[in-house]
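See below for the structure under consideration.
The values are calculated or read from the model by the stated rules, or taken from the named source; none is laboratory data. What you are looking at is a predicted structure, and each value in this text was computed from that prediction instead of being measured. Counting neighbours? That spans all protein chains shown, and the Cβs are built from the backbone with ideal geometry, glycine included.
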Amino acid sequence: MTDQNVIDRIKREVGDNDVVLFMKGTPVFPQCGFSAAVVQVLTHLGVPFKGVDVLTDPSLRQGIKDFSNWPTIPQLYVKSEFVGGCDIIREMFQSGELTELLATKGIAVQAA
Amino acid sequence: MAMDAGMIEKLIREGIPDAQVSIEDLRGDGDHYAAYVVSPAFKGKSRVQQHQMVYQALRGKMGGELHALALQTSAPADA
């Protein structure tokens, strides 16, 4: 079971930041290919986001999985809503849905 | 740790009985797979919900025994 403190921290992160990526490593130095792929998509779209490195904290690494009922990392949140992991983000990016979603949520995207 | 492609397919089919499943061993190492799952049960569900159904069928193996499973899910076009 995940500590309430960890859940509270996650809620704060996704509440305080429009776009949050829970990932392995940092946006500058991703430590996993799947995390790197999502960083690449967000960077390509010119979306400002906060990267949260789960490798720095084992309780966060497990906590984020419990929070979203999702077994893998990375996990992307837009305006507190869990959007998906690497496969979903890639698919949504390719189909243009990601840009649409961001626009709907009022997040500025550079014309790609 | 590796997992057999047949086992992945079997678990998904058991969890989502009417699913069409195809599995691809991406690197031939028994550790990195892609799965394509089509099922009428996905109709009206978001992608996150569809993937969660597949993860549910895999009974916690995803992220553990099963390191990498690229997932693509959809409902049949005519459903």
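Within the stretch A:56-77, the set of residues being within 12 Å of another protein chain (Cβ to nearest Cβ) and either part of a strand (DSSP E or B) or buried (at least 18 other Cβ atoms within 10 Å of the Cβ) (or both) comprises A:Ile64, A:Lys65, A:Ser68, A:Trp70, A:Pro71, A:Thr72, A:Ile73, A:Gln75, A:Leu76, A:Tyr77.
Looking only at the stretch A:41-52, decide whether some residue is in contact with a strand residue (DSSP E or B) (Cβ under 6 Å, 6 or more places away or on another chain) and within 12 Å of another protein chain (Cβ to nearest Cβ). The answer is no; no qualifying residue exists.
A quick yes/no check of all residues on (1) assigned to a loop (DSSP other than H, G, I, E, B); (2) in contact (Cβ under 8 Å) with a residue 40 or more places away in the chain:
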{"site": "B:Met7", "(1), (2)": "no, no"}
{"site": "B:Ile12", "(1), (2)": "no, yes"}
{"site": "B:Ile23", "(1), (2)": "no, no"}
{"site": "B:Gly30", "(1), (2)": "yes, no"}
{"site": "B:Ala34", "(1), (2)": "no, no"}
{"site": "B:Val37", "(1), (2)": "no, no"}
{"site": "B:Tyr55", "(1), (2)": "no, no"}
{"site": "B:Thr73", "(1), (2)": "no, no"}
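A:Glu91 falls short on exactly one of the conditions (1) within 8 Å of chain B (Cβ to nearest Cβ); (2) surrounded by 20 or more Cβ atoms within 10 Å (Cβ to Cβ); (3) outside any loop (DSSP other than H, G, I, E, B), and that condition is (2). Scanning the stretch A:42-52 for residues that are part of a strand (DSSP E or B) and within 15 Å of A:Gly85 (Cα to Cα) gives A:Gly51, A:Val52.
Does B:Leu58 satisfy the criteria of being modelled with pLDDT under 90 and touching a helix residue (DSSP H, G or I) at 6+ places or on another chain (Cβ under 8 Å)? Against the criterion (modelled with pLDDT under 90 and touching a helix residue (DSSP H, G or I) at 6+ places or on another chain (Cβ under 8 Å)), B:Leu58 does not qualify.
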